[in-house]
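Below you'll find the structure, written out as structure tokens, and then a few comments.
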Amino acid sequence: MNTEKTAQEILASVGGEANIISLVHCATRLRFKLKNSGEANKTITGNIDGVITVVESGGQYQVIIGNRVSDVFKAIQNLLGNTIASTEDNAPNAPHSNKQETLFARLVDIISGIFTPFLGALAASGILKGMLLMLASLGWMTKESGAYIIWFAAADSIFYFLPIAIAVTSAKKFGANPFVALSIAGSLVYPTLITMFTDKATLDFFAIPVVLMRYTSSVIPIIFSVWLLSVLERFLNRILHDSIRNFITPLLCLMVIVPVTLIAIGPLGTYLSLGLAKGYEAIYNLSPLVAGIITGIGWQYLVIFGLHWAFVPIMYNNIGVHGYDTLKPLFAPSNFAQSGAAFGVFLKTKNQKIRQIAGPATVTGLFGIIEPIIYGISLRYKKPFLWATIGGGIGGGICGYIGATSLAPGIPGLASLPIFYGPAFTGFIFSIIISFIFTAIMTYLFGFNDSMEKEILSANKENKNKTTQIYNQSKPA
């Protein structure tokens, strides 16, 4: 794949720079928000070299690339000359891509814009934290050693200061001043206030009582605060003269937003976080086994449309409230089930073209990148996808039953196994092995044969002929 050429063709196929409101990317997808989705051509985009497929969902035009998505993203940014922000710097003043965009679609768009940029750093930190805990439990490193303390500081820092990371991306998403947002987030984790909370001291703001809370690792309070900041900033910038706007707006924002956050938004956000965690926990505790089966099956359907982002805040919130998450282990086996589907096809087929797709896709799937499998193999032949959902449900059920947990966000795969380290780690490993082997065997025996590819090619040829015939008949004489 020629990255520059692919970037140029994608940019042209979505309607050019003038049609782009914003662009972000996750592990495998370019996520465009377009002014007019009708100007983008899914057929042309989907046929570009390096593009796996195109999905329109969650108010986004999602171009699925795979492992090289970050390279294509950078190439598009270079073509745009950074005139389009990577996380919607100008979104509040930009037109919506669809006037009938649903609230849920908007929510997914906001969540992906806030959490995508630092997902890699969080995953890396989680893996390092899991590795350190494994080394300590095996007796290969002591928690008092200098190496452990330094590496643990590196692993834990982004979780401890999570409100600061969220403040930066939220500011870009909502169109607020990122440095003012940083200052607000910094006040939430300011040492003096943390000490007062620990010492159970009292604090008031002009006789208004302040409910002191611990905001380290919190998610929801800072998002609401930065949104309020963006609203206040736009109001002040409209009414203040240009000569004083640059310093008076930040001054007034800090003087208003920080007290409001500590007095109202922070406590309300914290109670909402606790309620969300308790609500999820109540559903999970009804039957962890059933929750695991449903999640393991359903997650793959959410991934198809990119709607899995709606559940990301629950995972972050669980980690912030409890220090661990039980949702991620429920769907992690589904990734390995998809890899099993690709491996089953690889073993069964005698078609070299299919083997060249299925073999590498199996490997990338084992490291968490499953879109090439889903769109290139599972959905193409349908039955492998069915067996993968069943395999994912079996693995998810096992994880629910044994109470598997994760220490951090991250794409489930071989490289990220340390984030699942805990009392149920051995059971978790068993679950992903079962999901992979079960799906591979069932796909090999009942999910694929080479005649499927011949039928698809024949159907595609027939549809192409029909389309050409209809076009020719409609041409004027």
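Things to note:
- Annotation for the range 298-374 versus the range 8-33: alpha-carbon center distance of 24 Å.
- For the chain, the longest principal axis of the alpha carbon atoms and the long axis of helix 119-137 meet at an angle near 80°.
- Using alpha-carbon coordinates, inclination of helix 266-286 to the longest axis of the chain, degrees: 40 degrees
- Computed Kirkwood radius, in angstrom, where 1/r is averaged over Cα pairs of the chain: 24.3 Å
- Burial order of peptide ranges 152-162, 171-181, 14-24 (average beta-carbon count within 10 Å, highest first): 171-181, 14-24, 152-162
- Calculated FRET value between Glu144 and Val363, using beta carbons and R₀ = 25 Å, to 0.05: 0.05
- Rounded D (µm²/s) - the range 287-457, Kirkwood Rh over Cα pairs, Stokes-Einstein at 20 °C, 1.002 mPa s: 137 µm²/s
- Packing order of peptides 36-42, 435-441, highest average first: 435-441, 36-42 (average count of other Cβ atoms within 10 Å over each peptide's residues).
- Trypsin sites (Lys or Arg not before Pro) restricted to the range 350-391 and DSSP loop, no more than 16 other C-beta within 10 Å: Lys350, Lys382
- Sparsely packed loop sites in the range 192-255 (the trypsin sites (Lys or Arg not before Pro) outside DSSP H, G, I, E and B with at most 15 other Cβ atoms within 10 Å) comprise Lys200, Arg214.
- Under 11 Å, Cβ to Cβ, from Phe446 - net charge with Lys/Arg +1 and Asp/Glu -1: +2
- Surrounding net charge for Ala341, when Lys and Arg each add one and Asp and Glu each subtract one, Cβ distance under 14 Å: +3
- Formal net charge of residues neighbouring Leu119 (Cβ-Cβ distance under 13 Å; K, R +1; D, E -1): +3
- Rounded to the nearest whole Hz, the Karplus-based 3J(HN,Hα) values (6.51 cos²θ - 1.76 cosθ + 1.60, θ = phi - 60°) of the range 337-353 follow the sequence 5, 5, 5, x, 4, 5, 5, x, 5, 4, 6, 7, 6, 10, 7, 4, 5, with x at glycine and proline.
- For the chain, calculated [θ]222 nm from helices alone, where every DSSP H run of n ≥ 4 adds -39500 (n - 2.57): -20500 deg cm²/dmol
Each reported figure results from applying straightforward, stated rules to the coordinates on display, with no laboratory input. Every value quoted in this text rests on a predicted model; they were computed, and no experiment measured them. With ideal geometry, Cβ positions are generated from the backbone for all residues, glycine too; neighbour counts draw on all protein chains shown.
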